[in-house]
1. Counting only residues that are among the polar types (S, T, N, Q) and either open to solvent by 50 Å² or more (accessible area, probe 1.4 Å) or not in a loop (DSSP other than H, G, I, E, B) (or both), how many does the range 156-173 have?
2. Does Thr140 fit the bill of being out of contact with any helix residue (DSSP H, G or I) (no Cβ under 6 Å at 6 or more places or on another chain), open to solvent by 10 Å² or more (accessible area, probe 1.4 Å) and in a strand (DSSP E or B)?
3. Restricting to the range 42-82, name every residue that is small (Gly, Ala, Ser), open to solvent by 50 Å² or more (accessible area, probe 1.4 Å) and over 15 Å from Gln145 (Cβ atoms).
4. Inspect all residues belonging to the range 127-137 and state whether any of them is within 27 Å of Ala56 (Cβ to Cβ) and part of a strand (DSSP E or B).
5. Can we say Lys153 is closer than 28 Å to Gln44 by Cα and in a loop (DSSP other than H, G, I, E, B)?
6. Could you tell me whether any residue of the range 110-119 is among the aromatic types (Phe, Trp, Tyr), open to solvent by less than 70 Å² (accessible area, probe 1.4 Å) and either touching a strand residue (DSSP E or B) at 6+ places or on another chain (Cβ under 8 Å) or within 24 Å of Pro48 (Cβ to Cβ) (or both)?
7. Can you pull out the residues in the range 67-85 that are under 12 Å from the mean Cα position of the chain (by Cα) and at pLDDT below 95?
8. What pairs come out if I take residues in the range 118-143 that are touching a residue at least 60 places away in the same chain (Cβ under 8 Å) and farther than 12 Å from Lys104 by Cα and pair them with residues that are assigned to a loop (DSSP other than H, G, I, E, B) and near the ligand (Cβ under 9 Å from one of its atoms) whose C-beta lies under 8 Å away, six or more apart or interchain?
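The values are calculated or read from the model by the stated rules, or taken from the named source; none is laboratory data. Predicted model, so just to flag it, every value in this text is computed and none were measured. Please note: Cβ atoms are built from the backbone with ideal geometry, for glycine as well, and neighbour counts cover all protein chains shown. Surface accessibility is based on the protein's heavy atoms, side chains included, excluding ligands, DNA and RNA. Shrake-Rupley method; radii C 1.70, N 1.55, O 1.52, S 1.80 Å.
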Amino acid sequence: SNKCNRLVDVGRRQFMRGGAFAVAGAAAATVTSAPAQASPANAQLDYPSNRLANIADLAVNEPMDIEYPDADSPGILLKLGEAVEGGAGPDGNIVAYSVLCPHKGWYLTYSAEDRSLNCPGHFSRFDAEVGGQQIWGHATQNLPQFTLRVDAKGDIYAEGCSDLIFGRPSNVL
Ligand code: FES
């Protein structure tokens, strides 16, 4: 039918627009001068490797404020009581998350009681022990978790991110 054909047409236009965007993105990636980092699972972005702290700086269940991958992206670095999903370090218990709510960017606060991140905006909640999984709320994605690496001296580096940080067209700007 005509209606069907029109829908196919719209689909084709959107596909072509998507294609143009992908080509532009590839071109931009080619001219970037940042050194390549070992971050295979991070959608072809060159994430910076930033030292956040040393293991000795962390106490269980007391989050430390951090910024990653740049100063406009606040987060927390957190040592939990046991090994968890995405946990780094010898005990697999160190995690880091963005604290910008994926719904509309309000600042999340950490609840030590149940190891969750909570939004004062519209009350979304995220589980710090399960990779930032949304427990409840309006967001349409889990909380971005930062990929961590701990070296032999106990220095903790962030080197990637699991999901798109709120308000960004790309995590690395
Ligand atoms: Fe966090 Fe709306 S901004 S739930």
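1. To start, the set of residues in the range 156-173 that are among the polar types (S, T, N, Q) comprises 162, 170-171.
Now drop any that are not either open to solvent by 50 Å² or more (accessible area, probe 1.4 Å) or not in a loop (DSSP other than H, G, I, E, B) (or both), which leaves 162.
Total meeting the criteria: 1.
2. On the way: out of contact with any helix residue (DSSP H, G or I) (no Cβ under 6 Å at 6 or more places or on another chain): yes; open to solvent by 10 Å² or more (accessible area, probe 1.4 Å): yes; in a strand (DSSP E or B): no.
Spelling it out, it is not the case that Thr140 is out of contact with any helix residue (DSSP H, G or I) (no Cβ under 6 Å at 6 or more places or on another chain), open to solvent by 10 Å² or more (accessible area, probe 1.4 Å) and in a strand (DSSP E or B).
3. First, the residues of the range 42-82 that are small (Gly, Ala, Ser): 43, 49, 53, 56, 59, 71, 73, 75, 81.
Still in the running and open to solvent by 50 Å² or more (accessible area, probe 1.4 Å): 43, 56, 71, 81.
The answer is Ala56, Ala71, Gly81.
4. So in the range 127-137, the residues within 27 Å of Ala56 (Cβ to Cβ) come out as 127-132.
Checking which are part of a strand (DSSP E or B) leaves us with 127.
Yes, because at least one residue in the range 127-137 is within 27 Å of Ala56 (Cβ to Cβ) and part of a strand (DSSP E or B).
5. Details: closer than 28 Å to Gln44 by Cα: no; in a loop (DSSP other than H, G, I, E, B): yes.
Answer is no for this residue.
6. Step one: list which residues in the range 110-119 are among the aromatic types (Phe, Trp, Tyr), which gives 110.
The next check asks that each one be open to solvent by less than 70 Å² (accessible area, probe 1.4 Å); those that pass are 110.
Cutting the leftovers down to either touching a strand residue (DSSP E or B) at 6+ places or on another chain (Cβ under 8 Å) or within 24 Å of Pro48 (Cβ to Cβ) (or both) gives us 110.
Yes, the range 110-119 contains a residue that is among the aromatic types (Phe, Trp, Tyr), open to solvent by less than 70 Å² (accessible area, probe 1.4 Å) and either touching a strand residue (DSSP E or B) at 6+ places or on another chain (Cβ under 8 Å) or within 24 Å of Pro48 (Cβ to Cβ) (or both).
7. Matches in the range 67-85: none.
8. Taking only residues 6 or more apart or on different chains, not a single pair turns up.
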